[in-house]
Amino acid sequence: MKLFLKNARVIDPAQNTDDIMDIVLAEGKIIARGPDLKAPPEAELIELAGLVAAPGLVDMHVHLREPGLEYKETIASGAAAAVAGGFTSIACMPNTEPVNDNRSVTEFIRRKAAEADLAHVYPIAAITAGSEGKRLAEYWDLKEAGALALSDDGKPVMDAALMRRAMEYAYSLDLPVIQHCEDKNLSGCGLMNEGYWSTVLGLPGIPAIAEEVIVGRDILIAEYTRTRIHIAHVSTAGSVRLIRDAKKRGVQVTAEATPHHFTLTDEALAGYDTNYKVSPPLRSRADVEAVKQGLADGTIDAIACDHAPHARTDKEVEFEYAACGISGLETSLGLSLELVHDKTLTLAQLIDRMSRQPANILKIPAGTLAAGADADITIIDPALDWTVDVQSFRSLGKNSPFHGRKMKGRAVLTIVKGTVKYDGRALRP
Ligand code: DOR
Ligand code: ZN
């Protein structure tokens, strides 16, 4: 199968490219790119004038709920949501039932992903057995089975000595450790950000320092053990400052931010709508501005949506009992493009944060449109006006506070290994 992509605005930060070009794809690879190429015989021509061709987007932090919680999401439905959102690669967190803390679960995820045959799905394995924070999982086994990072996401590793051992073991296998930074003693029974709105609404608060204490601690442990640490879903100004200072010192720390943490504040909780309940919680305006600044100056390397699909029965309960999380894969690019519209980032910087950076952190073969690379390509219509409708989501999780939000720009074609896996061109006027 050959494709000839014609007249696209090719934005490839890895090659410093932003030019109108043609791209030829064959046998799953990019075989040529340049201006005014000749169409190879038998190639299907796709005219892309006015559209952007980007390296396939990578989301390094998603929750697929299989095995065990298939009523929320399956690997197939999550991968379908990924390609509909423009993602060609996703990395899935281990908080399934059972937890992905052994090779049989890792192998199961890879098999299901291969059967779905949509996006690339990379399993992230647990740091500790059952993510219970008591003893380490078998990293060597997990790596051999295909896990490419470690995390107890959803829960922090609270024991600093165990975290040190985890980092030392991870170092020996060159696996990044991804931490959900939350000091459980400080967050306590909190339900939202601690501040003006938690006082007004009468909900117990989670202070910013609950996150920052662990960010600071883990930067120190990473520095001491010379291991790579990745800070998941950065939500506070203090975390951004700690990461910026650590990077200046040469600590191998990377970080991600979610679209909900840079587009919403804790004021959104005013209606007690459980779709806004997330972990870490939505923060103050000053925190949102600091996260955006962190993305602009490169302190925060990547955008990842923390796709957390839940069923209606998980969310349509009293605020205290509602599950945390937002079904994010199908709104991530639209929300992230708001950073381009408000001039926080250039379009090339946004594509960098959504493809090359996460690919580099995970060391996966993605994030570039260079000749010879895998043909994972996302075609974006940056001018397409559309409105979020959760009923049109491929994801089983309809839990999005963005239902009804007007967006400008979306993925209209998602190509994985040279094959079209999502075609949304009919959405164009
Ligand atoms: O909001 C969240 N939901 N944050 C997490 O850390 C976990 C996730 C989930 O698994 O639902
Ligand atoms: Zn998560």
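The values are calculated or read from the model by the stated rules, or taken from the named source; none is laboratory data. Here the structure is a predicted model, which means the values were calculated and not measured. Positions of Cβ are backbone-derived with ideal geometry, glycine not excepted, and every protein chain shown enters the neighbour counts. SASA here: full protein model, heavy atoms, side chains in, ligands and nucleic acids out. Shrake-Rupley method; radii C 1.70, N 1.55, O 1.52, S 1.80 Å.
Alpha-carbon geometry of segment 194-335: the Rg and the Dmax are 15.5, 47 Å, given in that order. Take every DSSP beta bridge whose two residues both sit in the chain; close to 50 percent of them are antiparallel.
Global dimensions of segment 35-155 from alpha-carbon coordinates: Rg and Dmax equal 17.6, 60 Å. Relative to the longest principal axis of the Cα atoms of the chain, the long axis of helix 160-173 lies at roughly 30 degrees. Mean residue ellipticity at 222 nm, helices only, the chain: -8500 deg cm²/dmol; runs of at least 4 DSSP H residues each add -39,500 (n - 2.57), and the sum is divided by the number of residues. Applying a threshold of 23 Å to the alpha-carbon distances of Lys315/Lys421; Lys134/Lys247; Lys363/Lys417; Lys72/Lys155; Lys343/Lys408; Lys155/Lys248 flags Lys315/Lys421; Lys134/Lys247; Lys155/Lys248 as lying beyond it.
About its Cα centre, the dipole of segment 147-271 is roughly 460 debye, where the only charges are +1 on Lys and Arg Cβ and -1 on Asp and Glu Cβ. In the frame of its principal axes, segment 227-302 has Cα extents of 43, 21, 16 Å, reported largest first. A full extension of the chain between Tyr321 and Ala370 corresponds to an added length of 12.8 nm, given 0.36 nm per residue minus the alpha carbon distance. If you line up the long axis of helix 237-249 against the longest principal axis of the chain, both from Cα atoms, how many degrees apart are they, to the nearest 10? The two axes meet at around 70 degrees. Running a GNM on the chain with Cα contacts under 10 Å, which residue among Ala246, Ala54, Ala255 ends up with the highest mean-square fluctuation? Among Ala246, Ala54, Ala255, the largest GNM mean-square fluctuation belongs to Ala246.
Over all distinct Cα-Cα pairs of segment 1-60, the Kirkwood formula returns a hydrodynamic radius of 11.9 Å. You can think of it this way: the chain between Asp159 and Lys38 has 37.5 nm of extra reach, that is 0.36 nm per residue less the Cα-Cα gap. Each principal axis of the Cα cloud of segment 312-371 was taken in turn, and the coordinate range along them, longest first, works out to 51, 30, 16 Å.
Charge tally for Val288 (other residues, Cβ to Cβ under 12 Å; Lys, Arg +1; Asp, Glu -1): -3. With K and R counted +1 and D and E -1, the other residues having a Cβ less than 14 Å from that of Gly28 yield a net charge of 0. On the accessible surface of segment 213-372, probed at 1.4 Å, how many percent belong to carbon and sulfur atoms? The value for segment 213-372 is 51 percent carbon and sulfur by accessible area. To the nearest ten degrees, helix 208-225 and the longest principal axis of the Cα atoms of the chain are 80 degrees apart.
In the context of the full protein assembly, Trp386 retains an accessible surface of approximately 40 Å², using a probe radius of 1.4 Å and ignoring ligands and nucleic acids.
The listed peptides 316-326, 187-197, ordered by packing as a protection proxy, come out as 187-197, 316-326 (highest mean of other Cβ atoms within 10 Å first). Across the chain, the volume of the C-alpha convex hull divided among the residues equals 125 Å³ per residue.
Measuring with a 1.4 angstrom probe and ignoring ligands and nucleic acids, Arg283 comes out at about 10 Å² accessible. Which lysines, on any chain, are close to Lys38 with Cα under 20 Å apart, when same-chain ones fewer than 8 places away are left out? Cross-link targets: Lys2, Lys6, Lys29. The label-point distance for Glu107 and Arg226, in a model that sets each label 7 Å from Cα toward Cβ, rounds to 3.5 nm.
Of interest is the spacing of the C-alpha centroids, which for segment 380-429 and segment 301-356 amounts to 13 Å.
Computed from point charges on the beta carbon alone (+1 for Lys and Arg, -1 for Asp and Glu), the dipole magnitude for segment 71-223 about its Cα centre is near 200 Debye. Got a sec? Which residues in segment 178-210 would a label at Ala270 touch, if it sits 7 Å along Cα→Cβ and we count backbone N under 19 Å? So the set is 192-204. Under a model in which nothing but the beta-carbon of Lys, Arg (+1) and Asp, Glu (-1) is charged, the chain shows a dipole of about 500 debye around its Cα centre.
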